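Data first, discussion second: the structure below is written as structure tokens.
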């Protein structure tokens with residue numbers, strides 16, 4: 001049976017199809033919002049929105065200590081997970097409350113200095129903690145749907161949150177003319193409301209059993225804390241470029257880059273959706289440890305990687321004209337980087353296919369070292385290449401860093417989980 005036939009017959013196809021459909025709808029919402037916002041916000045104002053994205057991405061690693069991923073992985077340790085995982089989820093929520101409270105208290109005395117340093121008002125700086133708190137709850141709820149292969153609920157939840165984000169942003173920016181504050185308020189309010197909904201849904205489904213279990217908290221921390229450098233490294237790879245561009249080239253340039261990054265994010269959402277269907281499917285087969293299935297997985301990985309590179313090539317030809325059509329002529333400088341950002345997303349999609357092995361082996365410390373190292377490489381390249389080549393230099397730095405991350409992660413995964421990466425012809 002060839003690779004394509006096996007994909008069609010497997011649960012991966014139906015799961016990925018649902019995730020991709022939901023992702024297409026989810027990605028189209030910010031695209032519909034983009035031509036409106038780019039005509040109501042100047043590039044410098046869009047740069048301020050980019051800085052808020054940078055801030056919430058950074059503190060998201062600290063509020064909750066990244067333990068929501070532990071609840072996702074813990075599902076596979078139980079024979080009857082629906083009956084037993086509630087106490088573990090509760091332990092994760094307890095850690096979220098404690099860590100967020102401590103972080104907020106520590107942030108207060110330094111908020112004025114940080115506000116001046118990054119160009120974000122103190123009120124939005126502190127609001128970012130609430131954003132990160134509620135986003136943790138959203139990710140926790142989504143993760144429990146993911147492992148149960150309930151892709152329709154997963155997709156619907158994401159879509160309705162994005163729709164609320166769009167409607168509130170349009171109301172506050174266009175109707176009430178609140179500018180940057182309106183955009184940030186719409187974005188934050190949608191996450192807060194759906195964070196509350198996520199908590200209520202966990203409780204309703206019996207996945208939140210309020211108990212005090214230090215042993216489970218310790219187990220969650222052993223998974224989540226080593227991931228903090230990984231999250232910080234991902235921040236350095238995926239988000240810090242906007243802050244560096246703002247510092248080196250100004251808020252206008254950060255705004256241009258933000259628009260190009262949002263266009264490339266459409267591809268990123270697709271790849272993330274495929275990965276959400278792929279991970280449970282992959283873990284089931286790694287647990288069975290059958291060589292025929294491993295050969296199939298490797299062939300699938302190689303074919304998928306070639307497809308991603310072809311998409312990247314296409315992005316260089318049509319990405320720029322599409323961006324200018326959507327965002328308007330004021331954002332023409334963004335067209336020069338969109339192809340490179342799509343190539344970076346392709347490398348990141350290829351990284352997804354190999355990083356899952358390290359998570360399966362529960363060696364989160366390894367993935368953290370790789371991500372923080374490539375994140376630091378990205379910072380070095382960003383400062384060097386942006387100063388010499390401007391906006392396109394930042395995109396080049398991203399591509400090189402993503403390529404290195406994929407290759408190094410692939411090497412580490414091949415050591416931790418044996419897979420037949422060198423295929424033999426049948």
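Every read-out reported here was derived from the displayed coordinates using simple, explicitly stated rules and does not represent laboratory data. All values derive from a computational prediction rather than experimental measurement. When we count neighbours, we look across all protein chains shown, and the Cβ atoms used for this are built from the backbone with ideal geometry, even at glycine.
FRET efficiency for residue 104 and residue 148, Cβ-Cβ distance as r, R0 = 22 Å, nearest 0.05? Between residue 104 and residue 148 the formula returns 0.10.
Rounded, prolate or oblate: which fits the stretch 11-163 when a ≥ b ≥ c are the square roots of the eigenvalues of the alpha-carbon gyration tensor, with rounded for a/c under 1.5 and prolate only if a/b beats b/c? It is oblate, given that a/c is not under 1.5 and a/b is not larger than b/c. Of the residues 362, 294, the one with the fewest other Cβ atoms within 10 Å heads the list, and the complete ranking is 362, 294.
Counting neighbouring beta carbons within 10 Å and listing from fewest to most, the residues 373, 246 come out as 373, 246.
So if R0 is 41 Å, what FRET efficiency would residue 36 and residue 302 give, r being the distance between their Cβ atoms, rounded to the nearest 0.05? So, using R0 = 41 Å, E works out to roughly 0.50. For the stretch 153-210 versus the stretch 381-419, the spacing of their alpha-carbon centroids is 33 Å. As a rough footprinting exposure proxy, the listed residues 39, 183 were ranked by other beta carbons within 10 Å of their own, and the order from fewest upward is 39, 183. The relative contact order of the stretch 94-170, computed from alpha carbon pairs under 8 Å that lie at least 6 residues apart in sequence, is 23 percent. Considering only 53, 68, 388, the Gaussian network model of the chain with Cα springs below 10 Å gives its largest mean-square fluctuation to 388. How large is the translational diffusion coefficient of the stretch 97-155 in µm² per second when you combine the Kirkwood radius over alpha carbon pairs with Stokes-Einstein at 37 °C and 0.692 mPa s? Roughly 247 µm²/s, to the nearest whole number. Prolate is the label for the stretch 330-426, because the ratio a/c of its alpha-carbon gyration tensor axes (a ≥ b ≥ c) is 1.5 or higher and a/b is greater than b/c.
Where a ≥ b ≥ c are the square roots of the eigenvalues of the C-alpha gyration tensor, would you call the stretch 344-384 rounded, which needs a/c under 1.5, or, failing that, prolate if a/b is larger than b/c, or oblate? Oblate shape, in that a/c is at least 1.5 and b/c is the bigger or equal ratio. With contributions of -39500 (n - 2.57) from each DSSP H run of at least four residues, the per-residue ellipticity at 222 nm computed over the chain stands at -28500 deg cm²/dmol. Quote the relative contact order of the chain in percent (integer), defining contacts as alpha-carbon pairs under 8 Å separated by 6+ residues. Averaging sequence separation for qualifying contacts and normalising by length gives 23 percent for the chain.
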